[in-house]
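Below you'll find the structure, written out as structure tokens, and then a few comments.
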Amino acid sequence: MLRKKCSRIRKYDKSIYQLIEDLIETMDAYGGIGLAAPQIGRPLKVLVVRVNDVLMTLVNAEIVHENGSEIDEEGCLSLPLYYGKVERASRVTVKSMAENGKMVKHKAEGILARALQHEIDHTNGVLFTDRLVEGSDLRYVGTDDVEYERSV
């Protein structure tokens, strides 16, 4: 599912509102700052991001402009306890569908820009591990108390 390019949404309906609620609930339960529909088994272009207590819900999100570049460590709720260095644009403009069906633009920088890029990647079948900086490794940060293995 995580490698699948997701389907666009034609219009907001009850199922999309329910999916958004499920995404928010799951993201909050696991302490994430973002979550995309394919991460909960739904191959749809829907995602949520919460940074600095600002919640964004985006449908059919796509990056229309990016600027700058920065490398920072990322993790993912789909690969718990694994982190790696990823290069992302430092500023982005994202277009998404509003509830009325019209397209709106959002400008973001810093951690919000990084989170949006990460979640939009999920809707395109791309994982952060695909974007690891050349020469860097995926780092496991679990403890000896945790019995957890995942091959990536």
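Among the residues of segment 9-42, those identified as surrounded by 12 or more Cβ atoms within 10 Å (Cβ to Cβ) and not in a helix (DSSP H, G or I) are I9, Y12, G32, I33, G34, L35, A36, R42.
Table: residues versus (1) under 22 Å from Y17 (Cβ atoms); (2) acidic (D, E); (3) surrounded by 14 or more Cβ atoms within 10 Å (Cβ to Cβ); (4) out of contact with any Ser or Thr (no Cβ under 6 Å at 6 or more places or on another chain).
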position	(1), (2), (3), (4)
C76	no, no, yes, yes
R88	no, no, yes, yes
K107	no, no, no, no
G110	no, no, no, yes
V141	no, no, no, yes
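Beta carbons closer than 9 Å, at least 6 apart along the sequence or on distinct chains, pair a first residue in segment 7-25 that is in contact (Cβ under 8 Å) with a residue 60 or more places away in the chain with a second that is in a helix (DSSP H, G or I) for I9/I16.
Checked against the criterion of being at pLDDT 95 or above, surrounded by 15 or more Cβ atoms within 10 Å (Cβ to Cβ) and closer than 26 Å to L19 by Cα, segment 64-73 contains not a single residue that satisfies it.
So which residues in segment 90-105 are exposed (fewer than 15 other Cβ atoms within 10 Å of the Cβ) and in a loop (DSSP other than H, G, I, E, B), if there are any at all? The answer is A98, E99, N100, G101, K102.
The values are calculated or read from the model by the stated rules, or taken from the named source; none is laboratory data. Computed from a prediction, not measured in an experiment: that's the story for all the values here. Note: ideal-geometry Cβ built from the backbone for every residue, glycine included; neighbour counts use all protein chains shown.
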